[in-house]
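Engineer: Below you'll find the structure I mean.
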Amino acid sequence: MSDLTPEAALDDHFRRAVAGLESGAAKDAELPVREGSRLTGAMALALYEAQVGNRALDIEARRLRAAGRGFYTIGSSGHESNAAVAAAVRPTDPALLHYRSGAFYLARAAHVPGSTPIRDVLLGLIASTEEPIAGGRHKVFGHRDLAVIPQTSTIASHLPRAVGVGFAIDRGRKLGIATTWPSDAIAVCSFGDASANHSTAVGAINAASNIAYRGLPMPVLFVCEDNGIGISVPTPAGWVAAAYGDRPGLRYFAADGEDLPATYDAAREAAEHVRSTRSPAFLHLRVVRFMAHAGTDAEITYRRPSEIAADYDRDPVLATARLLVSTGVITPEQALARYDAATQAVQAESKASVGHRQLASAEEIVAPLSPRHPVRVADAAARSGSDADRRAAFAGKLPEAGERLTLADSINRALTDALVTYPHALAFGEDVGRKGGVYGVTRGLARRFGAGRVFDTLLDEQTILGLGLGAAVSGLLPIPEIQYLAYLHNAEDQLRGEAASLQFFSNGQYRNPMVVRIAGLAYQKGFGGHFHNDNGVSVLRDIPGLVVAVPSRGDDAAAMLRTCLAAALVDGTVSVFLEPIALYHSRDLHEPGDDAWLSAYTGPEGWAAHHIPIGRARCHGGGHDVTMVTFGNGVPMSLRVSRRLSEAGVASRILDLRWLAPLPVDDLMTHASATGRVLVVDETRSSGGISEAVITTLVDRGFGGRIARIAATDSFIPLGDAANHVLVSETAIEKAAHELLSR
């Protein structure tokens, strides 16, 4: 074996083993292959076609890499029993597939007329722009016609979304809203045994179990393809069964992957359980892994040759060939002929792909990442529910006819209008429903719109975002809430690796429009310490395509929320709507009782005129001496400093960025040039904060004036008055302004 490459050794063993088989008595292919099984000979033969096709693709991936034409070698060989899972579910059941679920993809495609799965996968291997899902951006299993939602080389990050898809199917039916999937569909999600240990998987499966335990629908089939090893780290024997075999609200099924009838029967029973009971199931498939983790993985460095060789006898493709030959469905010669035909078909398709174009520019690469149609977004942002529906939602008292509102009240009214305007919108999170939010921002919404649309979730941010991702890709409009910015960090990959990447890796064919509300930033007068006062936003600005909105005033908040929702509907935009906690209930600006931080709520007749496009700032004042660039809590602070500066004869203007991603570059340059002096007032940290981005933008755009900044200390925020030592103060802003003017 040492003289052969892993792929050649596997191929050689298969051929020798099949050639030595003895044919069984001929049997009607429409009969079960085994007494008590529901798998017929004809079905087994069709699955064999998918299995040998997958094997041929894996081998060709190695050849393409050796020839310098291929760029991905994580294969599915040894996992081909997952083809039986595809046969056990419907081709309209949404599937989120593990990167070793290649045979599933081929088997599903066989049930959808016009599919070309061999070509699909090959074009992904060579990063061709003609590949039908990612368009050359990554090799993924995905196709809209096959209801396969693309995943990259993910480690369990797709499981929360799968829970969200399952949730959305039945929630849409309950609300009378059609989703992307049939009303009796189930979500299918596959992953490996190593991934089953990841906190994301543990959390997602726990969430599904918890929801089912409460008696709520959760039609998700979790499929663990257990090959016993994560790259080089073995999974303890029996661990997956011990961890997931006896969980409340989760039905457990298991099968040995080399036994195709048993695998199919277990998968069929599991799928039927999920479909009929609308509750989750865990299907544990014991499989093997061939040809190491990937083409660059030298498996011989951590596994003995005898271990590798022993796995060949557990080859699921060989086992299926044995089954078909022993039952007389085909002869050994026919089994090899079909294997060779798959190889020839793959190689022919590979030759035909020579000369296929790859992505040729940055513009082409990022085209699906964050499309922008501002005119259409503006039109959508001006939409509203009927006058009758609005009056019913607001109990007859329309907010535009009432008193001026705080930031929190304005967001509450805007959310009410959103739920009236968009019947498929959902608002949810920790304490969002009955309590109405920790700060009362969602109060009354559950009562007005019902627990089907406004509801509490588990105290798990991964689950909250996963529900949103699944609901969004299913055709709903989720508005999830993360209770505090600091709480996001244990779940931020749901935004980075799942939310922001879906349009990119599906070339815009799949999207997850979503507006994530997050209460954040600091200045809560020392309350709560760093866990409730988080001034770090760099992790959000670092996510390609993600929109980050930070309103500081109520009138801006309502308009910006409408913009984010409209962009979600028009462009599939994922937005983070970051709400400054310390400004939620602020009324005054300069003196107690002045009510200068309250604002009127604009009714639908004024929404078009008061539309705030993504990436447009707001300027307060028109002074010619200095421009203070800020956002969030920095806006009222800078306005108070501006009044004191004016008493000293300094005329300033305050530029509220409002959007931290994308930055309002044009407005920044206009107002910086108007004074020639820029003071960036940044409540985030000195390292990785907004001021770095603002100053870099000014320099890149050729601004020739004077620049200074003041930012928070690179520190977590402590309790009590000590917080004032690390946060930006008005005294420090005023001092920095005078120093800038004196240069």
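Engineer: Compute the separation of the alpha-carbon centres of the range 623-694 and the range 42-65 and state it in Å as a whole number.
Structural biologist: With the range 623-694 and the range 42-65 each reduced to a Cα centre, they are spaced 60 Å.
Engineer: I've got another one for you. Please go through the range 337-414 and write out the GluC sites (Glu not before Pro) that DSSP classes as loop and that have at most 15 other C-beta atoms within 10 Å.
Structural biologist: Working: sites: E349, E363, E364, E400, E403; in loops: E403.
Hits after loop and neighbour filter: E403.
Engineer: Do any trypsin sites (Lys or Arg not before Pro) in the range 644-726 lie in a DSSP loop with no more than 15 other beta carbon atoms within 10 Å, and if so, which? Write down the numbers at each step before the final one.
Structural biologist: Details: sites: R644, R653, R658, R677, R685, R701, R706, R709; in loops: R658, R701.
Sites meeting the loop and neighbour criteria: R701.
Engineer: Can you pull the three principal axis extents for the Cα set of the range 517-623, in Å, largest first?
Structural biologist: Here the spans come out as 41, 35, 29 Å, largest first.
Engineer: Would you mind ranking C564, C189 so that the residue whose beta carbon has the fewest other beta carbons within 10 Å leads the list? Working shown, then result.
Structural biologist: Details: C564 27, C189 31.
The most exposed by this proxy come first: C564, C189.
Engineer: Right, something else. How are the C-alpha pair distances of the chain spread across 20 Å bins, as whole percents from the shortest bin up?
Structural biologist: Each 20 Å bin holds this share of Cα pairs: 17, 43, 28, 11, 1, 0.
Engineer: Still on this structure: Please identify which residues in the range 300-324 have an amide N closer than 19 Å to a label point set 7 Å out from the Cα of D3, following the Cα→Cβ vector.
Structural biologist: Zone members listed by number: 305-306, 309.
Engineer: I've got another one for you. Based solely on its DSSP helices, what 222 nm [θ] is calculated for the chain when runs of n ≥ 4 H residues each add -39,500 (n - 2.57) and the sum is averaged over all residues, nearest 500 deg cm²/dmol? List each step's numbers first, then the result.
Structural biologist: Numbers: 26 runs with 291 residues, N = 743.
Here the helix-only value at 222 nm equals -12000 deg cm²/dmol.
Engineer: Y213 versus R144, label points 7 Å from Cα toward the beta carbon: distance in nm?
Structural biologist: About 4.0 nm, to one decimal.
Engineer: Working from Cα positions, state the angle (0 to 90°, nearest 10) between the long axis of helix 332-352 and the longest principal axis of the chain.
Structural biologist: Around 40 degrees separate the two axes.
Engineer: What is the ratio of the Cα radius of gyration of the range 266-402 to 2.2 N^0.38 Å, with N the residue count, to two decimals?
Structural biologist: Working: Rg = 29.0 Å, N = 137, 2.2 N^0.38 = 14.3 Å.
The range 266-402 yields a ratio of 2.03.
Engineer: Among V325, V354, what is the fewest-to-most ranking by other Cβ atoms within 10 Å?
Structural biologist: Neighbour counts put them in this order, fewest first: V354, V325.
Engineer: Decide, for the range 135-240, between rounded, prolate and oblate: order the square roots of the alpha carbon gyration tensor eigenvalues as a ≥ b ≥ c, take rounded if a/c falls under 1.5, and otherwise choose prolate if a/b is larger than b/c, else oblate. Don't jump to the answer; show the numbers that get you there.
Structural biologist: On the way: a/c = 2.77, a/b = 1.35, b/c = 2.05.
Oblate.
Engineer: What are the ³J(HN,Hα) couplings of the range 730-743, residue after residue, when phi is run through the Karplus curve with 6.51, -1.76, 1.60 and θ = phi - 60°? Round to Hz, x for glycine and proline.
Structural biologist: My calculation for the range 730-743 gives 5, 4, 5, 5, 4, 4, 5, 5, 5, 5, 5, 5, 8, 5 Hz in order.
Engineer: While we're here: How big is the shadow of the Cα convex hull of the range 263-340, averaged over all directions, in nm²? Please report the intermediate quantities before stating the final value.
Structural biologist: Details: hull surface 32.2 nm².
The orientation-averaged projected area of the Cα hull of the range 263-340 comes to 8.0 nm².
Engineer: Here is a further query. Compute and list, largest first, the equivalent-ellipsoid semi-axes of the range 94-165 from the alpha carbon gyration tensor, each √(5λ) rounded to a whole angstrom. List each step's numbers first, then the result.
Structural biologist: Numbers: eigenvalues 72, 45, 20 Å².
Equivalent ellipsoid semi-axes, largest first: 19, 15, 10 Å.
Engineer: Moving on to the next point. Put one equal scatterer on each alpha carbon of the range 338-464, apply the Debye formula with no solvent term, and list log10 I(q)/I(0) at q = 0.10, 0.13, 0.14 1/Å to two decimals.
Structural biologist: After summing over all Cα pairs, the log10 values are -0.56, -0.70, -0.76.
Engineer: How large is log10 of I(q)/I(0) for the range 600-743 at q = 0.10, 0.17, 0.20 Å⁻¹ when the intensity is taken from the Debye formula with one equal scatterer per alpha-carbon?
Structural biologist: These q points yield log10 I(q)/I(0) values of -0.35, -0.93, -1.20.
Engineer: Check E579: other-chain or 5+ apart residues with amide H under 5 Å from its amide H, H built from backbone geometry?
Structural biologist: Residues meeting the criterion, in which the H sits 1.01 Å from N, are I518, A519, G520.
Engineer: Between V233 and T670, what FRET efficiency follows from the Cβ-Cβ distance if R0 is 41 Å, with the result rounded to 0.05? Show your work: numbers first, answer last.
Structural biologist: Working: r = 56 Å, r/R0 = 1.36.
Calculated value: 0.15.
Engineer: While we're here: Restricting attention to the range 55-139, which GluC sites (Glu not before Pro) occupy a DSSP loop and are surrounded by at most 15 other Cβ atoms within 10 Å?
Structural biologist: Numbers: sites: E60, E80, E130; in loops: E80, E130.
Those satisfying the criteria are E130.
Engineer: Report the Cα-based extents of the range 470-540 along its three principal axes, largest first, to the nearest Å.
Structural biologist: Here the spans come out as 46, 22, 15 Å, largest first.
Engineer: Taking square-rooted eigenvalues a ≥ b ≥ c of the alpha carbon gyration tensor, is the range 425-531 rounded, prolate or oblate, where a/c under 1.5 means rounded and, failing that, a/b exceeding b/c means prolate? Spell out each step's value before the answer.
Structural biologist: On the way: a/c = 2.57, a/b = 1.29, b/c = 1.99.
Since a/c reaches 1.5 but b/c is at least a/b, the shape of the range 425-531 is classed as oblate.
Every number in this text was worked out from the coordinates using simple rules, so none of it is lab data. Predicted, not measured: the structure shown is a model, and the values here were computed from it. All Cβ positions, even for glycine, are placed from backbone atoms using ideal geometry, and neighbour counts span all protein chains on display.
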